[in-house]
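Enquirer: Quick one: structure below, then a few questions.
The values are calculated or read from the model by the stated rules, or taken from the named source; none is laboratory data. Keep in mind that this is a model prediction, so the values were computed, not measured. As a convention, Cβ positions derive from the backbone with ideal geometry for all residues, glycine included, and neighbour counts pool all protein chains shown.
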């Protein structure tokens with residue numbers, strides 16, 4: 001194999017370099033004449049440019065990997081948040097299941113603690129009673145199956161022995177659990193028991209939806225009663241006992257009138273235009289909804305609270321009794337207890353919140369806000385503008401008819417004056433002709 005001569009190789013490279021330099025000068029001159037900038041602004045060598053390209057590729061690859069890692073972390077965080085949300089919902093469901101288990105035998109008598117405190121510490125009412133004392137309720141833990149016997153006494157009595165027993169029972173909420181039971185650590189902080197409504201929109205939606213179910217059910221039973229042709233009796237029928245009884249409430253006249261007006265306004269928006277509104281039913285339904293009550297059942301109408309688990313059917317109320325919408329709640333219910341509600345008035349700014357209110361007071365403030373907005377915007381609403389347009393059109397029609405009558409009167413006046421003048425001229429002509437004939 002022939003080996004190239006170094007001298008020839010060197011001379012060839014030199015000639016190639018000269019040609020490259022000449023070509024570069026020619027291109028540079030041509031770009032200057034065409035007012036074009038240099039092809040490569042920097043004086044970097046091709047090796048540096050190649051290294052920079054490699055660095056850019058590595059940077060892009062690093063960014064891509066970082067993006068993929070961020071996306072994976074975001075997806076993992078979202079899955080973890082969903083799992084935690086589901087876990088909290090499950091814990092809350094178990095809590096209300098325990099709270100709902102307590103029977104009137106427990107909370108209708110004085111106890112060292114409330115059903116709410118027991119449910120928070122994992123205790124459930126077994127509906128069993130002591131053998132020696134039927135007033136003693138037996139509670140049980142779902143996790144460790146531990147039991148606790150709760151006697152009847154008033155813990156508020158100012159007596160050292162009573163206070164000592166009450167203290168022992170308070171400690172038993174934890175100590176009666178097994179050593180390894182999770183409730184030994186106290187209540188679950190993931191379960192929050194307070195007033196659930198946080199925004200005005202949620203409050204209005206709840207107020208309307210709960211009232212609507214009461215109104216719909218009452219309408220169905222009233223129609224059934226009106227179709228019943230049986231002989232009337234002095235005692236109410238079964239369907240009549242399912243109607244909303246007279247209600248007792250702590251509202252003043254102004255607040256009650258606002259609730260009623262708001263209820264009629266919402267009901268008119270729901271039903272057909274021109275259809276009469278059963279105001280008595282609407283007033284009662286919105287009053288019940290204002291105090292947090294929901295419909296118990298379609299077939300057995302009544303009230304129930306989803307926070308304190310109180311229930312009562314309308315048929316359980318005697319004919320001469322009233323239903324107290326406030327006292328039917330448990331004393332610890334957020335709808336009537338400001339401490340457990342942990343709520344502040346929607347009228348007050350965050351920086352000025354110095355007094356907690358209960359749930360129904362929050363709803364009363366909501367009604368005041370909504371009522372003022374409706375009254376303020378009433379003249380600006382579409383229906384008000386349509387009514388104004390109708391009145392304007394009616395006034396135009398009356399004006400048009402008045403103008404037509406004036407035109408008709410003017411034409412009649414002109415015609416009558418023309419006929420009278422023509423008759424007078426005819427009379428004059430006739431008289432003249434008679435005079436001429438007499439002269440002849």
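Enquirer: Of the conditions (1) at pLDDT below 95; (2) buried (at least 16 other Cβ atoms within 10 Å of the Cβ); (3) not assigned by TED's automatic domain parsing to the domain that holds residue 174, residue 85 fails just one. Which one is it?
Expert: Evaluating residue 85 over (1) at pLDDT below 95; (2) buried (at least 16 other Cβ atoms within 10 Å of the Cβ); (3) not assigned by TED's automatic domain parsing to the domain that holds residue 174 leaves (2) as the failure.
Enquirer: With the checklist (1) without any contact (Cβ under 8 Å) to a residue 40 or more places away in the chain; (2) under 28 Å from residue 340 (Cα atoms) in hand, flag the one item residue 141 doesn't pass.
Expert: Just one mismatch for residue 141, condition (1).
Enquirer: Tell me, please, whether a residue that is exposed (fewer than 11 other Cβ atoms within 10 Å of the Cβ), over 20 Å from the mean Cα position of the chain (by Cα), modelled with pLDDT under 75 and at negative phi can be found in the range 354-371.
Expert: no
Enquirer: With respect to residue 375, determine if the residue is under 28 Å from residue 298 (Cα atoms) and outside any loop (DSSP other than H, G, I, E, B).
Expert: no
Enquirer: Evaluate the following for residue 322: is it in the same structural domain as residue 256 (by TED's automatic domain parsing) and closer than 13 Å to residue 218 by Cα?
Expert: It is false that residue 322 is in the same structural domain as residue 256 (by TED's automatic domain parsing) and closer than 13 Å to residue 218 by Cα.
Enquirer: May I ask you to list the residues in the range 314-337 that are in contact (Cβ under 8 Å) with a residue 40 or more places away in the chain, touching a strand residue (DSSP E or B) at 6+ places or on another chain (Cβ under 7 Å) and surrounded by 13 or more Cβ atoms within 10 Å (Cβ to Cβ)?
Expert: Across the range 314-337, the qualifying residues are 314, 317, 323, 324, 325.
Enquirer: Right, something else. Residue by residue through the range 154-175, note down the ones that are touching a residue at least 40 places away in the same chain (Cβ under 8 Å) and within 42 Å of the chain's Cα centre (by Cα).
Expert: Those that are touching a residue at least 40 places away in the same chain (Cβ under 8 Å) and within 42 Å of the chain's Cα centre (by Cα): 154, 155, 166, 169, 170, 173, 174.
Enquirer: So, residue 370, is that one in a loop (DSSP other than H, G, I, E, B) and either in contact with a helix residue (DSSP H, G or I) (Cβ under 6 Å, 6 or more places away or on another chain) or under 24 Å from residue 248 (Cα atoms) (or both) or not?
Expert: no
Enquirer: Also: Test residue 79 against the stated conditions and say whether it is exposed (fewer than 10 other Cβ atoms within 10 Å of the Cβ), assigned to a helix (DSSP H, G or I), out of contact with any strand residue (DSSP E or B) (no Cβ under 9 Å at 6 or more places or on another chain) and without any contact (Cβ under 8 Å) to a residue 24 or more places away in the chain.
Expert: Judged against the criteria, residue 79 is not a match.
Enquirer: Another question, then. Kindly provide the set of residues from the range 97-117 that are buried (at least 19 other Cβ atoms within 10 Å of the Cβ) and farther than 14 Å from residue 136 by Cβ, ordered by number.
Expert: 98, 99, 101, 102, 107, 115, 116
Enquirer: Taking residue 167 as the residue in question, decide whether it is touching a helix residue (DSSP H, G or I) at 6+ places or on another chain (Cβ under 9 Å) and assigned to a helix (DSSP H, G or I).
Expert: Criteria not met by residue 167.
Enquirer: Could you list all residues from the range 186-205 that are buried (at least 18 other Cβ atoms within 10 Å of the Cβ) and under 23 Å from residue 339 (Cβ atoms)?
Expert: Selection gives 193, 195, 197, 203.
Enquirer: So if I check each of 262, 288, which one is touching a strand residue (DSSP E or B) at 6+ places or on another chain (Cβ under 7 Å), in a helix (DSSP H, G or I) and assigned by TED's automatic domain parsing to the domain that holds residue 360?
Expert: The unique qualifying residue is 288.
Enquirer: Can I ask one more? Going residue by residue through the range 118-138, is there one that turns out to be crowded, with 17+ Cβ neighbours inside 10 Å, at pLDDT below 95 and assigned to a helix (DSSP H, G or I)?
Expert: no
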